[in-house]
Amino acid sequence: MTPDQYCQDKAAKSGSSFYYSFLFLPEEQRKAIIALYAFCREVDDIVDECSEASIARVKLQWWRSTMQQTFDGSPQHPVQVALTKPLQRFNLPLEYFLEIIDGMEMDLDNNRYATFKDLSLYCYRVAGVVGLLAAEIFGYQNHTVRKYALYLGTAFQLTNILRDVREDALRNRIYIPQDEIQQFGISEEDILNTKKSDPMQALLKHQSARTHDYYQKAFDHLPEQDRYTQRSGLIMATIYLNTLKAIEQDSDQVLDQRVSLTPIKKLWLAWQTSRIEKKRHKKYLQTCHT
């Protein structure tokens, strides 16, 4: 198995919405973004699958040191080998990869967040920085795209937090800010026991509204000239927004199970969004030449 095949296998097995957005990219970009995604999966799995925090820290430290070696031309892992060409071709700073690892390590140190400001740092590290790296791979002309990528990454993470309330509670993790839980008159035990109530629904709706705000901020910062090159992010956004919509139709369901779209639904949304963006780009080019 080649390093590229290893990453492809890692991405395909995850069943993530991200995978469907990669299908419409040119080969060089597709391989680069899949390698980036595989890196994120590797370091995330360390935290999720290691029962001993001390072992997880050692493994994350290994990734820190070997990512430095990867940038120096000596990759140690198949994912790092797959990243070698993208690192040479695209502007992918080492510090961003280290930020992602730092974000994963936050899960070893924190299972509660006092305020949204505290949570924002976590979202920046595990998702916003990934958005910045992805934006570099997709390409852009206007640097406002970087703000779009940051907001969109945070929107994705906030969607995940809402989707995974029950799954996180089973791991004794609560990502909804503590001050907001108290504001709505809910206890930690209510979250951990996924207790259904009107105040709980109000809290979840509050989280959902803020998530929509971040999607809107992202779209507001995406220049028309860069929409088409950034279409993979828009495909992801469509899939994630449809997931958010499914959650909002009955917010109680996230307390019972993880809400997700079927693979065929994700593929259809990816194809539809790609088609829409292609038509929009064609009109934009016609406008530019008139």
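Is any helix in the chain, taking whole DSSP H runs, at least 24 angstrom long along its axis by alpha carbon and on average at least 0.0 on the Kyte-Doolittle scale, and which ones?
On the way: long enough: 27-49 (32 Å, -0.25); 53-71 (27 Å, -0.39); 145-163 (27 Å, 0.32); 198-220 (33 Å, -1.20); 231-249 (27 Å, 0.40); 263-288 (37 Å, -1.09).
Helices meeting the criterion: 145-163, 231-249.
Under a 5 Å amide H to amide H cut-off, with H placed in plane at 1.01 Å, what residues pair with residue 227 once short-range neighbours are removed?
So residue 227 has HN proximity to no qualifying residue.
I need to check one value: relative contact order of the chain, counting alpha carbon pairs closer than 8 Å and at least 6 residues apart, in percent. Don't jump to the answer; show the numbers that get you there.
On the way: 348 pairs, mean separation 55.0, N = 290.
Over the chain, the number comes to 19 percent.
Mean-square fluctuation check for the chain, GNM, Cα pairs under 10 Å: which of 204, 261, 152 is largest?
261
Can you compute the helix-only [θ] at 222 nm over the chain? Use -39500 (n - 2.57) per DSSP H run of at least 4 residues, normalise by all residues, nearest 500 deg cm²/dmol. List each step's numbers first, then the result.
On the way: 15 runs with 210 residues, N = 290.
Result for the chain: -23500 deg cm²/dmol, rounded to the nearest 500.
With the alpha-carbon atoms as the only input, what is the per residue convex hull volume for the stretch 1-93 in Å³? Working shown, then result.
Values: hull volume 9.5 nm³, N = 93.
Given the Cα convex hull of the stretch 1-93, per-residue volume reads 102 Å³.
Using only C-alpha positions, report the orientation-averaged shadow area of the convex hull of the stretch 105-183, nm², one decimal. Don't skip to the end; give the middle numbers.
Details: hull surface 23.3 nm².
Mean shadow area of the hull around the Cα atoms is 5.8 nm².
Looking only at Cα atoms, what is the convex hull volume of the chain per residue, in Å³? Intermediate results must be reported in sequence, preceding the final value.
Working: hull volume 38.0 nm³, N = 290.
Considering the Cα atoms of the chain, their hull volume per residue is 131 Å³.
If contacts are Cα pairs under 8 angstrom and at least 6 residues apart, what is the relative contact order of the stretch 1-93 in percent?
Values: 71 pairs, mean separation 32.3, N = 93.
Relative contact order for the stretch 1-93 comes out at 35 percent.
Need the C-alpha centroid separation for the stretch 23-45 versus the stretch 110-182, integer Å.
19
What list of ³J(HN,Hα) couplings, whole Hz, do you get for the stretch 173-183 from phi and the Karplus terms 6.51, -1.76, 1.60, once you set θ to phi - 60° and write x for glycine and proline?
10, 10, 9, 5, x, 4, 5, 6, 4, 5, 4
Values in this text are rule-based calculations from the coordinates and carry no lab data. Being a predicted model, the structure only gives us computed values, none of them experimental.
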